[in-house]
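The values are calculated or read from the model by the stated rules, or taken from the named source; none is laboratory data. Note that the coordinates shown come from a computational prediction; the quantities given were computed from them, not determined experimentally. Every residue, glycine among them, receives a Cβ derived from its backbone with ideal geometry; neighbour counts consider all protein chains shown.
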Amino acid sequence: MQFIKSCDPEIASVIDSEYSRQEYGLNLIASENTVSRAVMEAQGSIMTNKYAEGYPAKRYYGGCQYMDQAENLAIERVKKLFGVEFANVQPHSGSQANMAAYLSVLSPGDGILAMDLSHGGHLTHGAGVSFSGRLFNFSHYGLNPETETIDLNQVEDLARANKPKMIVAGASAYPRTIDFKGFSEIAKACGAIFLVDMAHIAGLVAAGVHPTPVGYADIITSTTHKTLRGPRGGLILSSAELGKKINSQIFPGIQGGPLMHVITAKAVAFKEALSPGFTEYQKQVVKNAAVLADVLMERGYKLVSNGTDNHMVLVDFSGLDITGKDAEDRLGRANITVNKNTVPNEKRSPFVTSGVRIGVPLVTSRGMDEAAVGAIAGFICDVLDDEANVPDVAVKVKDLCTRYPLYGDAAC
Ligand code: PLP
């Protein structure tokens, strides 16, 4: 920070404040994580200075020899990590990965069947305010009202009725294992392309603690910054055959010059993800989420689908006075960051909601185990039970965070 401090003290002070927020608060946003120092160093490196439109060995600028080396390393590592033939590591984000993936095999106006936003899908799965809902003709499946899990019978009925050209599996707020084989059978039967958006669970998939979509999906998209613990960005995986179309949709289709500093950081993150320590980390994530679910339910809170198989839980306050917004605000005052979230059959507005989404990838990166996460779950319940507990919990949160520094051993 020495250079920022001398050239721009205002921004240095903003970064300092954000550092304190992250270091002394519990970040339980399910889509966030904390990257290693090596990933951060790569992202902050001189690789940011270079234009490299095109792909390795086929660039539109001179001087790209080291860009090619970095991008090739990222591609080869992520192919090995997931066991696929083709990878594009240039998407600036998960949304851009989805946009390019759709456009590589579909035309505007084509039908896509995906998960409803209010049941846990993502904006790019057909929300009207997103490019996806404006360009394509989406239909949506949701959760079974009894089990609050994805109902493949409903997916099959909708696929038969609507004959989509593509079926999308993947979600932003779904705490259960997704049956990629079941989805692929439905897609095959109706002649649809099967796309898996594994943004949330990519790290779990890489470590083998969630079944892989490889072998079932025609195209796989992901972010790199959630459970995968890389820099902010996206990626697309597929067969070699589809790869050409995907490459041309990313560049020149929807993007210009790749963010080479981010691609370099992706290469570092993929190397970390190939290490045995990463598998142990993902196993711990799943164990920690299970403890969180157990404690919340023991203390009387209802969870969507009554539990979790992955890195997150969804608490459902339907029928209670407290809203998702209240819970987010109240927990925030105790230095616990979560996000409000819609629940199945949501009656409140998306700005208020009846639920919160709570994830453990980041606290697990800090080295927190079942005992620490059990304590966190207790703090959450104390605050939700009674607002008067906020000051006391805020002190306990700071103490816990001090014992598990953001960049202690677990963060590389
Ligand atoms: N897909 C899913 C399932 C997501 O959860 C997200 C982000 O939350 C995205 C795509 C989009 O990623 P980004 O925010 O990088 O555009």
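Can you find a residue that is free of Cβ contacts under 8 Å to residues at least 24 places away in the same chain, surrounded by fewer than 19 Cβ atoms within 10 Å (Cβ to Cβ) and part of a helix (DSSP H, G or I) anywhere in the stretch 106-113?
As a first pass, look at the stretch 106-113 and keep what is free of Cβ contacts under 8 Å to residues at least 24 places away in the same chain: 107.
Checking which are surrounded by fewer than 19 Cβ atoms within 10 Å (Cβ to Cβ) leaves us with 107.
Subset that is part of a helix (DSSP H, G or I): none.
Scanning the stretch 106-113 turns up no residue that is free of Cβ contacts under 8 Å to residues at least 24 places away in the same chain, surrounded by fewer than 19 Cβ atoms within 10 Å (Cβ to Cβ) and part of a helix (DSSP H, G or I).
Take the conditions within 26 Å of Pro231 (Cβ to Cβ) and basic (Lys, Arg) and apply them to Lys325. Does it pass?
Values: within 26 Å of Pro231 (Cβ to Cβ): no; basic (Lys, Arg): yes.
Here the answer is no, as Lys325 does not meet what is asked.
Looking at the stretch 128-137, can you tell me whether even one residue there is crowded, with 24+ Cβ neighbours inside 10 Å, within 13 Å of the ligand (Cβ to nearest atom), of a type in the set (Ser, Thr, Tyr) and modelled with pLDDT of 95 or more? Reasoning before the result, please.
First, the residues of the stretch 128-137 that are crowded, with 24+ Cβ neighbours inside 10 Å: none.
No, there is no match, as no residue in the stretch 128-137 is crowded, with 24+ Cβ neighbours inside 10 Å, within 13 Å of the ligand (Cβ to nearest atom), of a type in the set (Ser, Thr, Tyr) and modelled with pLDDT of 95 or more.
Just the residues that are in a loop (DSSP other than H, G, I, E, B) and in contact with a strand residue (DSSP E or B) (Cβ under 6 Å, 6 or more places away or on another chain), please, taken from the stretch 129-148. Talk me through it step by step, then tell me what you get.
Step one: filter the stretch 129-148 for residues in a loop (DSSP other than H, G, I, E, B), giving 129-130, 136, 142, 144-148.
If the condition is that a residue be in a loop (DSSP other than H, G, I, E, B) and in contact with a strand residue (DSSP E or B) (Cβ under 6 Å, 6 or more places away or on another chain), then Phe136 is the only one that fits.
Can you pull out every residue in the stretch 211-234 that is under 20 Å from Phe183 (Cβ atoms), of a type in the set (A, V, I, L, M, F, W, C) and either within 14 Å of the ligand (Cβ to nearest atom) or out of contact with any helix residue (DSSP H, G or I) (no Cβ under 7 Å at 6 or more places or on another chain) (or both)?
Matches in the stretch 211-234: Ala217, Ile219, Ile220.
Mind checking whether some residue in the stretch 295-312 is surrounded by fewer than 18 Cβ atoms within 10 Å (Cβ to Cβ), touching an Asp or Glu at 6+ places or on another chain (Cβ under 7 Å) and under 28 Å from Gln90 (Cα atoms)?
For the stretch 295-312, residues surrounded by fewer than 18 Cβ atoms within 10 Å (Cβ to Cβ), touching an Asp or Glu at 6+ places or on another chain (Cβ under 7 Å) and under 28 Å from Gln90 (Cα atoms): absent.
Within the stretch 350-371, track down each residue that is touching a residue at least 60 places away in the same chain (Cβ under 8 Å) and buried (at least 20 other Cβ atoms within 10 Å of the Cβ).
Arg357, Ile358, Gly359, Val360, Pro361, Leu362, Val363, Thr364, Ser365, Arg366, Met368
Condition check: assigned by the TED database to the domain that holds Lys80, within 16 Å of the ligand (Cβ to nearest atom) and either touching a helix residue (DSSP H, G or I) at 6+ places or on another chain (Cβ under 8 Å) or within 29 Å of Val356 (Cβ to Cβ) (or both). Does Gly253 satisfy that?
It is false that Gly253 is assigned by the TED database to the domain that holds Lys80, within 16 Å of the ligand (Cβ to nearest atom) and either touching a helix residue (DSSP H, G or I) at 6+ places or on another chain (Cβ under 8 Å) or within 29 Å of Val356 (Cβ to Cβ) (or both).
Sort out which residues of the stretch 188-210 are more than 10 Å from the ligand (Cβ to nearest atom) and in a loop (DSSP other than H, G, I, E, B), and write them in order of number.
Cys190, Gly191, Ala192, Ala207, Gly208, Val209, His210
Has the stretch 172-186 got any residue that is more than 23 Å from Glu32 (Cβ to Cβ), part of a strand (DSSP E or B) and either within 11 Å of the ligand (Cβ to nearest atom) or touching an Asp or Glu at 6+ places or on another chain (Cβ under 8 Å) (or both)? If you could, list the steps in order and put the result at the bottom.
Restricting attention to the stretch 172-186, the residues satisfying the condition of being more than 23 Å from Glu32 (Cβ to Cβ) are 179-186.
Of the ones still in play, those that are also part of a strand (DSSP E or B) are none.
Checked the stretch 172-186: no residue is more than 23 Å from Glu32 (Cβ to Cβ), part of a strand (DSSP E or B) and either within 11 Å of the ligand (Cβ to nearest atom) or touching an Asp or Glu at 6+ places or on another chain (Cβ under 8 Å) (or both).
Please state which one of Ile263, Ile220, Ile250, Ile201 is crowded, with 24+ Cβ neighbours inside 10 Å and within 17 Å of Ile112 (Cβ to Cβ). Break it down stepwise before answering.
Details: Ile263 fails: within 17 Å of Ile112 (Cβ to Cβ); Ile250 fails: within 17 Å of Ile112 (Cβ to Cβ); Ile201 fails: within 17 Å of Ile112 (Cβ to Cβ).
Every option except Ile220 fails the conditions.
Among the numbered criteria (1) buried (at least 18 other Cβ atoms within 10 Å of the Cβ); (2) more than 14 Å from the ligand (Cβ to nearest atom); (3) free of Cβ contacts under 8 Å to residues at least 40 places away in the same chain; (4) of a type in the set (Gly, Ala, Ser), which single criterion is violated by Ala159?
(3)
Name the one entry in Met115, Met99 that is farther than 23 Å from Glu346 by Cβ and within 15 Å of the ligand (Cβ to nearest atom).
Numbers: Met115 fails: farther than 23 Å from Glu346 by Cβ.
Of Met115, Met99, the one residue that is farther than 23 Å from Glu346 by Cβ and within 15 Å of the ligand (Cβ to nearest atom) is Met99.
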